[in-house]
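Below is one structure, written out as C-alpha cells; comments come after it.
The values are calculated or read from the model by the stated rules, or taken from the named source; none is laboratory data. All of these numbers come straight from a predicted model, not from anything done at the bench. No Cβ is skipped: glycine too gets one built from the backbone with ideal geometry, and neighbour counts run over all protein chains shown. Surface areas here come from the heavy atoms of the whole protein model, side chains and all, with no ligands, DNA or RNA. Shrake-Rupley method; radii C 1.70, N 1.55, O 1.52, S 1.80 Å.
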Amino acid sequence: MPFHKRIFTLICLATSCSALYAQEKKTDTATVLRLPVPEPPNRKYIGDYHRDLTLRVFGARRYYSYGLHDKGFAYNPKYFPNTPFNIGAGFNYRVLGLNIGFNLPLINDTKEHGKTRFLDLQTHFYGRKLTMDVLFQHYRGFYMPEYNFLKDGTAQDPVYIRPDIRFTNLGFSAQYLLNGKKFSIRAAFLQNETQLRSAGSPIIGGGVNLTRIAADSSIIPGNPSQDNYFDNLHFNRSSILSSQVHAGYGYTIVLPLHLFITAAVTAGIGVNFSSLNGPGERTQGIGTDAFSTARLGMGYNSRRYFAGIQYYGTLLSSSAPLIYTRQEFGAGNFRISFARRFTLKKNLIGIY
C-alpha cells in the first residue's frame, strides 16, 4: 500500500528528564550513560512505575478543522480532512517511548468525504512538572459538510469536497504543573504511573504556531449564499504566525476499583501576524488570538494493567486582517488504550 494512503505516526513520549545533557559514569567494566535523576513524586499520591517496561496497543483517530468566521453572517464555512481510524502499538521504558500507528483502509471510507493525504508527526513530553508538545502537520484534501453556505447547495449534494486545499502547521507549546509532585498527567497519557489519591495542580504555559493554508482557487467557495463575506476577498493563500500564553487547572478524581477521571484544561490569549493573498490581492496585519487546550482521560489503572480513553485537543481562534473576521483552527486526538507493565530483573539500557 502506498505510503500516502496510510498514517504513520511516531509519537516519542519522553517520561522525565531534568536537563538536556548527559553524563558519563565510569565503572570497572564499561562506560554507562546516565541521565540526571528526575525529581521523585510524592509516593502517597503517585505510584511511579517508569522503571517497568510498559507495552500498549491502541486505536486512535485524529481530528482537524479549519474555519472562517465573519461577524454578522449566519453561515460560516468549516473544512475538515478525511482522517482515518488507525491502530498501533507502543512502549515506554524509563526515559524512552515510541508509538507507531497505521491506517486500516478496509474500515476507512473515502467515497463520501474524499481523500486526504497527510503526514502528522507529534512529540509529547510528559515530565514531572513540565509538559511539551511539538507538532508538524501537513494535510491535503478537505471537505465541507455545511452545504447551506453555497447558494446552489442542495440536500442531494450535502458535501463540498476540496482536494486542492493544503494545510501545513508547525507548533510548539509548553505547560508547567505547579503541583506536579502530587498530580500526575503521565498516569492517564503514558500509563507508567498511577494516581493513588485525588489531586490537582494549577497550570501555566505558552506556545507558538506557524500555519499556512493554500489552494488552487479561492478558499471561500464560489457562489456563496452571503454577499460581502470577508469583504469579497477571494484569497487562496493564508499565513499566520501566532504566539499565546495560557493558564488553567488539572485534576484527577480517584475512584474505587482503580478507576480514575483526569481533566486538564487551559485557556489564554495571544497575538498574531497574518496575511490573506489572492490573485492581485493581498492584505496583512497584526491581530489577537484566543487559545485553549484540553487533556481528558478516564479508565482503569492498577499496578499492572491499564485500560482507558484519552483525548487531547486544541482550539486557536486568530483574528484575520479584515474587520470582524477570524480564522479558526481545531485539532484533537481521541485514543483507546490497553497497556500492561512488566517488571524487569535487569536494566535493558544504561540510562536512568
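Here are a few things to note about the model shown:
- Proximal charge balance of THR262 [Cβ under 12 Å; K/R count +1, D/E count -1]: +1
- Taking label positions 7 Å along the Cα-Cβ direction at both SER217 and VAL271, the computed distance is 3.9 nm, reported to one decimal.
- Estimated at 0.36 nm per residue, the fully extended path between LEU55 and LEU170 surpasses their Cα-Cα distance by 38.5 nm.
- FRET efficiency estimate (nearest 0.05) - Cβ-Cβ, LEU315 to LYS346, R0 30 angstrom: 0.05
- Using a probe of 1.4 Å on the protein chains alone, the accessible area found for TYR312 is around 30 Å².
- Sorting ILE220, ILE323 by accessible area puts them as ILE323, ILE220; the probe is 1.4 Å, largest comes first, and only protein heavy atoms count.
- Compared with the alpha-carbon gap, the fully stretched path from PHE334 to ASN228 is longer by 34.4 nm at 0.36 nm per residue.
- Whole-number accessible area per residue in Å² for the range 69-132, which is evaluated in the context of all protein chains at 1.4 Å: 49
- If the chain linking TYR75 and THR123 were pulled fully straight, counting 0.36 nm for each residue of separation and taking away their Cα-Cα distance, it would gain 13.7 nm.
- Cα-based shape type of the range 166-227, given that a ≥ b ≥ c are square roots of the gyration tensor eigenvalues and the cut on a/c is 1.5: prolate
- Charged neighbours of LEU170, selected by a Cβ distance under 13 Å, balance to -1 (K, R count +1; D, E count -1).
- HN-Hα J in Hz across the range 182-195 - Karplus 6.51, -1.76, 1.60, θ = phi - 60°, x for Gly and Pro: 10, 10, 10, 7, 6, 4, 7, 10, 10, 6, 10, 9, 10, 8
- Prolate/oblate/rounded call for the range 234-284, Cα gyration tensor, a/c under 1.5 rounded: prolate
- Residue pairs, from the table LYS182/LYS345; LYS44/LYS346; LYS44/LYS182; LYS182/LYS346; LYS44/LYS129, whose Cα atoms sit over 20 Å apart: LYS182/LYS345; LYS44/LYS346; LYS182/LYS346
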